[in-house]
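What follows is one structure encoded as structure tokens, with my remarks underneath.
Just so it is clear, none of the values below were taken in a lab; they were calculated from the coordinates. A quick note: this is a predicted structure, and the numbers were derived from the prediction, not measured. Counting neighbours? That spans all protein chains shown, and the Cβs are built from the backbone with ideal geometry, glycine included.
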Amino acid sequence: MKTFVYSAHAYDRPFLEQAARKRHELVFTEEKLTLATAHYASGFDAIAVFTADDCSAPVLDKLYTQGIRYIALRSAGYDHIDLHHAATLGIRVSHVPEYSPYSIAEHAVAMLMMMNRNLLEAQRLMKLQDFRLDTLTGFDIHGKTVGIIGTGKIGIAFARIMKGFGATVLACDPVQHAEAVALGVQYVSLEELLRGSDIVSLHCPLNETTRYLLSAKQFEWMKDDSILINTSRGAIVHTKDLIQALEDKKLGGACLDVYEREKGLFFEDHRHAVIQDEDFLKLRSMKNVLLTGHQAFLTREALTGIAETTIQNLDYWQLGYKSPYELHADETFRGSSARASAKD
Ligand code: NAD
């Protein structure tokens with residue numbers, strides 16, 4: 001079976017080739033799937049895509065006319081595909097619901113520690129041979145209150161680490177997970193969580209109910225020196241309101257692995273381009289903002305998991321079976337929480 005793989009980079013291609021073990025013919029491009037690149041997949045049976053790829057209705061229409069009947073998402077999140085339209089066309093879609101939740105949870109911790117202990121500044125001063133400590137004071141996570149929004153696989157992995165630090169963990173999620181309760185996590189409302197937390201970490205999917213979940217009103221509720229971590233999806237946070245809150249010192253800092261308009265920006269080399277996105281430039285210039293380019297998943301273990309499940313999904317399809325990780329049209333509206341709810 002021939003699969004065309006969009007957005008394939010040096011970091012994930014070897015893992016996909018290894019997982020395919022010549023069972024599938026994979027043809028790679030570094031380019032993203034767009035209306036303009038959809039024709040690359042002509043003559044293929046399936047495509048494999050990542051989060052920056054455009055799987056909107058017009059692109060799906062074009063893929064369909066070229067014979068594509070299967071789309072293997074190499075991500076857990078599926079906010080970038082019009083599942084309803086895919087179902088209408090009869091294009092089946094699978095995703096990778098789980099691949100090392102530790103990779104994302106640990107990245108969130110890495111960002112938090114880097115910000116909290118001023119490690120970037122410490123490194124800069126070290127290189128200048130300036131060994132004064134005056135600007136480097138941080139705070140203990142031990143004894144602090146950490147609020148987790150979304151206690152699915154990643155949120156629970158993050159809660160476990162925070163418990164290990166000796167923090168009190170609050171959570172907010174429409175589904176109360178027994179595993180989180182057993183860890184000593186206390187479920188509260190979003191408002192209580194934001195008012196009571198020193199650190200807030202987002203681990204819910206992006207869907208109609210979570211878009212701009214954190215906007216001006218919610219930043220008002222947060223403690224003035226609190227730190228926000230977003231390794232989930234950029235649009236869960238209202239970027240302009242976040243910038244305002246940081247400028248007004250309504251927040252102590254933000255650690256962002258995702259950005260509302262990251263499509264077309266992250267995963268690509270823009271060294272010779274002039275970036276026009278003012279919000280992005282503003283965030284990047286702020287001392288109390290730490291940005292990474294959607295790399296929380298980037299561990300060997302996660303890349304192995306993504307590749308293995310993607311190829312297994314293609315195996316199922318080739319053999320005429322339905323993968324347990326196929327997505328349905330109504331999941332567009334429920335978000336990946338539907339799976340967590342179904343499990344619990
Ligand atoms: P999951 O489905 O296991 O858990 C999501 C949890 O969010 C569920 O418990 C669900 O009930 C909860 N939720 C849904 N709506 C909510 C709301 N309004 N308020 C609070 N909680 C809500 O998903 P997961 O595997 O833990 O992944 C979480 C998210 O992390 C993904 O949807 C994706 O956007 C993001 N992610 C980012 C990266 C990265 O590299 N930065 C990698 C993987 C996943």
Quiz item: aspartates and glutamates within cross-link reach of Lys287: Cα-Cα under 15 Å, excluding same-chain residues under 8 positions apart?
Solution: Glu121, Asp225, Glu247, Asp248, Asp279
Quiz prompt | Mean separation of Cα contacts under 8 Å (6+ apart) over length of the stretch 139-229, as relative contact order % | solution = 33
Quiz item: Sequence-distant or interchain residues sharing an amide H contact under 5 Å with Val5, placed H: which?
Solution: Val27, Phe28, Thr29, Ala48
Self-check item: the chain, relative contact order in percent, only Cα pairs under 8 angstrom and at least six apart counted
Solution: 19
Practice problem: Starting from the amide H of Tyr187, placed 1.01 Å from N in the peptide plane, find each other amide H under 5 Å away whose residue is 5 or more places distant or on another chain. | Solution: Ala171
Exercise. With everything on Cα atoms, drop me the angle between helix 300-318 and the longest principal axis of the chain, reported from 0 to 90° to the nearest 10.
Key: 30
Quiz prompt | Choice from Arg132, Arg23, Arg92 showing the highest fluctuation, given a GNM over the chain with Cα pairs closer than 10 Å | solution = Arg132
Exercise. Choose one answer from Tyr187, Tyr102, Tyr316: the residue with the largest mean-square fluctuation in a GNM of the chain with alpha-carbon springs under 10 Å.
Key: Tyr316
Quiz item: In the structure shown, do any of Lys62/Lys153; Lys32/Lys127; Lys163/Lys223; Lys32/Lys163; Lys153/Lys263 have a Cα-Cα gap over 31 Å, and if so which?
Solution: Lys62/Lys153; Lys32/Lys127; Lys32/Lys163
Quiz item: In Å, what is the Rg of the alpha-carbon atoms in the stretch 83-133, and how long is Dmax?
Solution: 21.6, 64
Self-check item: Residue order, fewest to most beta carbons within 10 Å, for Thr88, Thr37
Solution: Thr88, Thr37
Quiz prompt | lysines with Cα under 19 Å of Lys217, excluding same-chain neighbours fewer than 8 positions away | solution = Lys240, Lys249, Lys250
Self-check item: Residues with amide H under 5 Å from that of Ala254, placed H, sequence gap 5 or more
Solution: Leu228, Val289, Leu290
Quiz item: Hull surface divided by four, with the convex hull built on the Cα atoms of the stretch 53-101: how many nm²?
Solution: 3.3
Self-check item: Options Thr51, Gln129, Leu112, ranked by Cα towards positive dipole end of the chain, top entry (Cβ charges)
Solution: Gln129
Exercise. Scale the Cα Rg of the chain by the rule-of-thumb value 2.2 N^0.38 Å and send over the ratio, two decimals.
Key: 1.03
Practice problem: Taking the Cβ of each residue in Arg271, Arg233, Arg124 as the centre, tally the other Cβ atoms inside 10 Å and list the residues starting with the fewest. | Solution: Arg271, Arg124, Arg233
Practice problem: Give the order of Glu31, Glu308 when sorted by the count of other beta carbons within 10 angstrom, beginning with the fewest. | Solution: Glu31, Glu308
Exercise. Work out, in µm²/s and without decimals, the Stokes-Einstein translational diffusion coefficient of the stretch 179-306 at 4 °C, 1.567 mPa s, Rh from Kirkwood over C-alpha pairs.
Key: 82
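I'd like the FRET efficiency for Thr209 and Leu281, computed as 1/(1 + (r/R0)^6) with the beta carbon distance as r and R0 of 35 Å, rounded to 0.05.
It comes out at approximately 0.70.
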Quiz item: Which residue, Val49, Val146, Val274, tops the fluctuation ranking in a GNM of the chain built on C-alpha contacts under 10 Å?
Solution: Val274
Self-check item: Cα-centred dipole magnitude for the stretch 231-284, charges only on beta-carbon of K, R (+1) and D, E (-1), debye, nearest 20
Solution: 100
Self-check item: Prolate/oblate/rounded label for the stretch 172-229 (Cα gyration tensor, a/c 1.5)
Solution: oblate
